[in-house]
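Each remark here refers to the structure printed beneath this line.
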Amino acid sequence: MVFKSFMSEALVQAQAAADRGEVPVGAVIVDGKGSVIASAGNRTRELNDPTAHAEVLAIRVACAALGVERLKGCDLYVTLEPCPMCAAAISNARIARLYYGASDPKSGGVEQGPRVFSHPQCHHAPEVYDGIDAVASQDLLRGFFKGRR
């Protein structure tokens, strides 16, 4: 099977989040057949919900769409390294593979900070691939925050 990245779809969701005034992070969940089953961008401000990160919203939509609580065999593409909360949700959802764009030295929870998937308490760790379209993800974030300063 030939690898196909879905990061461009995640970047579309991140741009839509930025257009709504949200931090531009987008996520896409793909099933084992290569079909997009969920996509989302941050909506923390819009929903007044600190848990409304792109990853969590996409996981909720994918679980509802499939009628399951675990997304075995599914891949998650997200434009920014997941925070600890999102990393825990990814583990609990049993996502098979995580692809992310930009690293997050301030709030990351995968390769930075607490490294959630490395803890003995972590019941499931996905395969992790970082740096996918990292420059595009970083540029979107930098542009968003530059406009806010």
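The values are calculated or read from the model by the stated rules, or taken from the named source; none is laboratory data. Just so it is clear, the structure is predicted and the values come from calculations on it, not from any experiment. No Cβ is skipped: glycine too gets one built from the backbone with ideal geometry, and neighbour counts run over all protein chains shown. Keep in mind that these areas ignore ligands, DNA and RNA; they rest on the heavy atoms of the full protein, side chains included. Shrake-Rupley method; radii C 1.70, N 1.55, O 1.52, S 1.80 Å.
Which one of GLY101, GLY32, GLY73 is at pLDDT below 95 and either part of a strand (DSSP E or B) or open to solvent by 20 Å² or more (accessible area, probe 1.4 Å) (or both)? Talk me through it step by step, then tell me what you get.
Values: GLY101 fails: at pLDDT below 95; GLY73 fails: at pLDDT below 95.
After ruling out the rest, the residue left standing is GLY32.
So, of the residues in the stretch 1-23 that are of a type in the set (D, E, K, R) and either at pLDDT 95 or above or open to solvent by less than 20 Å² (accessible area, probe 1.4 Å) (or both), which turns out to be nearest to ILE90 (Cα to Cα)?
Quick first cut of the stretch 1-23, residues of a type in the set (D, E, K, R) only: 4, 9, 19-20, 22.
If we keep only those that are either at pLDDT 95 or above or open to solvent by less than 20 Å² (accessible area, probe 1.4 Å) (or both) too, we end up with 9, 19-20, 22.
Working: GLU9: 19, ASP19: 26, ARG20: 25, GLU22: 21 Å.
Residue satisfying both the conditions and the ranking: GLU9.
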Criterion violated by GLY26 - all others in (1) modelled with pLDDT under 95; (2) under 11 Å from the mean Cα position of the chain (by Cα); (3) of a type in the set (Gly, Ala, Ser) satisfied: (1)
The lone exception for VAL61 - which of (1) more than 13 Å from VAL28 (Cβ to Cβ); (2) surrounded by fewer than 24 Cβ atoms within 10 Å (Cβ to Cβ) it fails: (1)
Residues that are under 25 Å from GLU22 (Cβ atoms) and open to solvent by 50 Å² or more (accessible area, probe 1.4 Å), drawn from the stretch 108-127: GLU111, GLN112, GLY113, PRO114
The stretch 44-64 residues that are over 14 Å from ARG94 (Cα atoms) and in a helix (DSSP H, G or I), paired with ones that are of a type in the set (A, V, I, L, M) and open to solvent by less than 30 Å² (accessible area, probe 1.4 Å) (beta carbon under 6 Å, 6 or more apart): THR44/ALA52; ALA54/VAL25; ALA54/ALA27; ALA54/ALA40; LEU57/ALA40; VAL61/ALA38
